[in-house]
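The structure appears right after this line, and notes come after that.
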Amino acid sequence: MAAAIAPATSLRLKPISAIRFLSVYTRPNRGKLTISPKSLTTFFRPLVLRHTYTRPFLSPVSLVHRRRSFCTLVSAGDLSPGEDAEKARTEPAETQSVGEGEKVREFRKRLRINDIKGGPDEGLDRLGQTLVVKGWVRTTRVQSTVTFIEVNDGSCVSNMQCVMSPDAEGYDEVKSGLITTGASVCVQGIIVPSQGSKQKVEMNVRKIDMVGKSDPSYPIQKKRASREFLRIQAHLRPRTNTFGAIARVRNALAYATHKFFQENGFVWISSPIITASDCEGAGEQFCATTLIPSSHEATDSRVDAIPQTKEGLIDWTQDFFGKRASLTVSGQLNAETYATALTDVYTFGPTFRAENSNTSRHLAEFWMIEPELAFADLNDDMACATAYLQYVVKYILENCKEDMDFFNTWIEKGIINRLSDVVEKDFLQLTYTDAIKLLLKANKKFEFPVKWGCDLQSEHERYITEQAFGGRPLIIRDYPKEIKAFYMRQNDDEKTVAAMDLLVPRVGELIGGSQREERLEYLEARLDDLKLDKESYWWYLDLRRYGSVPHAGFGLGFERLVQFATGIDNIRDAIPFPRTPGSAEF
């Protein structure tokens, strides 16, 4: 007898409770269904009644009132050992008095297509099992004697090929054209060997229910769409193979990030999104203010309604926070406060830059990973950055194999080998001065001229890592202090700071970090040189007054990591909903 498996909910019924359960089924003007105890005992002993719901979280009693319900009888010998213990949790409750609540059913992991086809046997271990798949139709091919429906639930690149004959329940909806690309469906069937070469197994459909109809205007059809077009369909693009795979790899990278730092004793810190200080000192911040009305009245508000000082300047003292506030460009400064108390910490959250750039490398809203290590110098910082990158890359290579094969085939040939090099090869380091010498000797004309003191551009960084070092990641350290932020520790030569950038092929700079200036007098002098208001950083300076320690950290733009890991060349495709100049549609 066919076996139905999770996420269906099972009920193992004793004779008495079975009578109670079956007595719920009544017919108008007819008596309750009656079965003799003897025949009932004989009937239920070898069998378990299992219900698979088309709607989740329904109690067994409410289930009988649902017209759309699947019922499968399975052999008791086919049950997993844990299901004996489960019967106590799923068995209908005894009679309850008025005022007593009903126990919430236990949450159970859903059965996904990846659970069926993602194992080493690619689904062959599921042959003969009766399962339910819920997802969205990718394609439908109606033929004279058989219909093929490809269903995807987002758990993997692979679709479940559902083979349907005219005698299957719900076939009329398919034949009439109601179930089309984009529709959501619930399909019940038996897993059988596939007759095609693209997959090992397929589903022989017994019943199909349309959950949600798809309008004929559905913009994502089988024909391949450009990524530019899909950006204006950001609410639907996760249903494509490319963006589904990007989302899963992004998720795996985020999980691996937390896993790496947690395993190494770091504490996660929630850094604020709204801040009154500019970490980078560049001033490219979004202003967070209530001086401009945020309700529907904003369209009728006048500019002269903004409060002003006697000098005609904006009076920030009347703003919500009593001073000018902005969306943060970095959580680093806040992380330093906790590093000087908890030793090793990290932040992982959204950051914002009001940089009017429309390149494929910039976003106005992006996510940053920023660890901070106390009692550490630049060498410790570089070691941490290298270990982190190797850890997360290894994680996706081992846990996202199908998605990585997809990227290797359709996005960037050889990406798996490139990422494997990151994991297996030692990282090298060279000074900024040596990097400039290397670029000056290069037999290549750069768009941006090279000289000591210039800020390295993406073309320079990619040349170094892709050509000069043959596709090997490396770190450049000790940059001129004039092109770096105020908080970086000044080296003994008084010309450079203890900063580092980790470069990778195809992306260029992926990680930027430094040893922080822990000496109060040096930090104050640097703020004065850059004409930054020391009063805005009073609390940051306090960290140098009270138990200052050498400390270091780095920042990693998460979307650039996603680009590096997937081969996607435009950063707008590495985040679910890109925010760029002139674009905040979704």
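Can you pull the percent of Cα pairs in segment 294-382 with separation above 24 Å?
51 percent
On average over all directions, what projected area in square nanometres does segment 220-372 have, based on the convex hull of its Cα atoms?
It is 13.4 nm².
What percentages, rounded to whole numbers, describe P(r) for segment 158-244 computed over all alpha carbon pairs with 5 Å bin width beginning at zero?
Taking all Cα pairs of segment 158-244, the binned fractions are 3, 13, 20, 18, 19, 16, 8, 3, 0 percent.
Of 198/222; 401/425; 259/425; 117/222; 223/413, which ones are farther than 19 Å apart at the Cα?
Beyond 19 Å: 401/425; 259/425; 117/222; 223/413.
Ignoring ligands, DNA and RNA, please state the percent of accessible area on segment 472-586 from carbon and sulfur, probe 1.4 Å.
45 percent
Considering only protein heavy atoms, what per residue accessible area in square angstrom results for segment 113-214 with a 1.4 angstrom probe?
Spelled out: the 1.4 Å probe surface of segment 113-214, per residue, equals 44 Å².
Please give the direction-averaged projected area of the C-alpha convex hull for segment 478-558, in square nanometres with one decimal.
6.2 nm²
I need the phi-derived Karplus couplings for segment 421-429: 6.51 cos²θ - 1.76 cosθ + 1.60, θ = phi - 60°, integer Hz, Gly and Pro marked x.
Each residue's phi maps through the Karplus curve to give 4, 4, 6, 8, 8, 6, 7, 9, 9 Hz.
Identify all lysines with a Cα-Cα distance to residue 451 below 21 Å; exclude those on the same chain that are fewer than 8 residues away in sequence.
437, 441, 481, 484, 495
From the residues 374, 427, 364, which one has its Cα farthest along the dipole of segment 360-441 in the positive direction, the dipole being from +1 and -1 charges on Cβ of Lys/Arg and Asp/Glu about the Cα centre?
427
Rounded to the nearest 10 Å², what accessible area does residue 197 have for a 1.4 Å probe in the complete protein model?
Rounded to the nearest 10, the figure is 120 Å².
What list of ³J(HN,Hα) values in whole Hz, one per residue of segment 225-239 in order, does the Karplus curve 6.51 cos²θ - 1.76 cosθ + 1.60 (θ = phi - 60°) give from phi, with Gly and Pro shown as x?
Going residue by residue, I get 10, 6, 5, 5, 5, 5, 5, 8, 10, 4, 6, 10, 5, x, 7 Hz, with x marking Gly and Pro.
Any idea what the dipole of segment 329-395 comes to, in debye rounded to 20, about its Cα centre with Lys/Arg Cβ at +1 and Asp/Glu Cβ at -1?
Dipole size: approximately 320 debye.
Under 19 Å from the Cα of residue 310, which lysines turn up, not counting those fewer than eight places away in the same chain?
Candidates past the 8-residue exclusion: 323.
What translational D, rounded to a whole number of µm²/s, comes out for segment 440-586 from Stokes-Einstein when the hydrodynamic radius is the Kirkwood one over Cα pairs, at 4 °C and 1.567 mPa s?
Answer from the Stokes-Einstein relation: 73 µm²/s.
Accessible area of residue 362, 1.4 Å probe, to the nearest 10 Å²?
We get 50 Å² for residue 362.
With an 8 Å Cα cut-off and a minimum separation of 6 or more residues, compute the relative contact order for segment 111-217 in percent.
This gives 29 percent for segment 111-217.
What is the set of long-range amide H partners of residue 364 at a cut-off below 5 Å, with H atoms built 1.01 Å from backbone N?
Long-range HN contacts for residue 364: 579, 580.
Once you charge only the Cβ atoms, +1 for Lys and Arg and -1 for Asp and Glu, what is the size of the charge dipole of segment 136-225 about its Cα centre, to the nearest 20 debye?
Here the size comes out at about 420 debye.
Given that compact globular proteins tend to follow 2.2 N^0.38 Å, what is the ratio of the alpha-carbon Rg of segment 314-463 to that value?
Values: Rg = 20.2 Å, N = 150, 2.2 N^0.38 = 14.8 Å.
So the Cα radius of gyration is 1.37 times the expected 2.2 N^0.38 Å.
So if I average 1/r over every pair of distinct C-alpha atoms in segment 104-224 and take the inverse, what Kirkwood radius in Å does that give?
So the Kirkwood estimate lands at 14.7 Å.
For segment 206-257, what log10 I(q)/I(0) values come out of the Debye formula at q = 0.15 1/Å, with one point per alpha carbon and no solvent?
Log10 of I(q)/I(0), two decimals: -0.58.
For a quick check: with amide H placed at 1.01 Å from N, whose amide H comes under 5 Å from residue 349's, ignoring anything fewer than 5 positions away on the same chain?
Long-range HN contacts for residue 349: 368.
Rg(Cα) of segment 330-408 divided by 2.2 N^0.38 Å?
Cα-based Rg divided by the globular estimate yields 1.40.
Set Lys and Arg Cβ to +1 and Asp and Glu Cβ to -1, take the dipole of segment 465-543 about its Cα centre, and tell me which of 499, 465, 539 lies farthest positive.
Value computed over the given set: 465.
Contact order normalised by length for segment 423-493, with contacts defined as Cα pairs under 8 Å and 6 or more residues apart; what percent is it?
Answer for segment 423-493 is 43 percent.
Treating only the Cβ of Lys, Arg, Asp and Glu as charged (+1, +1, -1, -1), what charge dipole size does segment 305-419 show about its Cα centre? Round to the nearest 20 debye.
Magnitude of the dipole: close to 340 debye.
Equivalent ellipsoid semi-axes for segment 237-278, as square roots of 5 times the alpha carbon gyration tensor eigenvalues: give them largest first, rounded to whole Å.
28, 19, 6
Viscosity 0.692 mPa s, temperature 37 °C: Stokes-Einstein D of segment 103-174 from its Kirkwood Cα radius, in µm² per second?
236 µm²/s
Could you compute the FRET efficiency for residue 457 and residue 233, with r as their C-beta to C-beta distance and R0 at 22 Å, rounded to 0.05?
Result of the calculation: an efficiency of 0.10.
Explain nothing, just the number: relative contact order of segment 354-483, from Cα pairs under 8 Å at least 6 residues apart, as a whole percent.
Values: 80 pairs, mean separation 29.3, N = 130.
Relative contact order, segment 354-483: 23 percent.
Rounded to the nearest 0.05, what FRET efficiency do residue 425 and residue 483 give with R0 = 35 Å and r taken as the Cβ-Cβ distance? Could you check?
With R0 = 35 Å, the Cβ-Cβ based efficiency is 0.75.
Calculate the spin-label point distance for residue 494 paired with residue 354, positioning each point 7 Å from the Cα along the beta-carbon direction, and give it in nanometres.
With each label point 7 Å from Cα toward Cβ, the separation is 3.8 nm.
Hey, which aspartates and glutamates would be in cross-link range of residue 394, C-alpha to C-alpha under 17 Å, not counting anything within fewer than 8 residues on its own chain?
Cα-Cα hits under 17 Å: 263, 402, 403, 405, 421, 424, 426.
State, in angstrom, two size descriptors of segment 517-586 derived from its alpha carbons: Rg to one decimal place and Dmax to the nearest whole number.
In Å, with Rg to one decimal and Dmax whole: 19.1, 47.
So if I take the centroid of the Cα atoms in segment 491-562 and the same for segment 184-225, what is the distance between those two points in Å?
Comparing the Cα centres of segment 491-562 and segment 184-225, I get a distance of 53 Å.
State the answer as a single residue: which of 225, 208, 243 lies farthest towards the positive end of the charge dipole of segment 198-285, with beta carbon charges of +1 for Lys and Arg and -1 for Asp and Glu, about the Cα centre.
Most positive-ward Cα: 208.
The values are calculated or read from the model by the stated rules, or taken from the named source; none is laboratory data. Just so it is clear, the structure is predicted and the values come from calculations on it, not from any experiment. Using ideal geometry, Cβ is built from the backbone for each residue, glycine included, and neighbour counts are taken over all protein chains shown. Ligands, DNA and RNA are stripped out before the accessible areas are found, and what is left, the full protein with its side chains, is counted by its heavy atoms. Shrake-Rupley method; radii C 1.70, N 1.55, O 1.52, S 1.80 Å.
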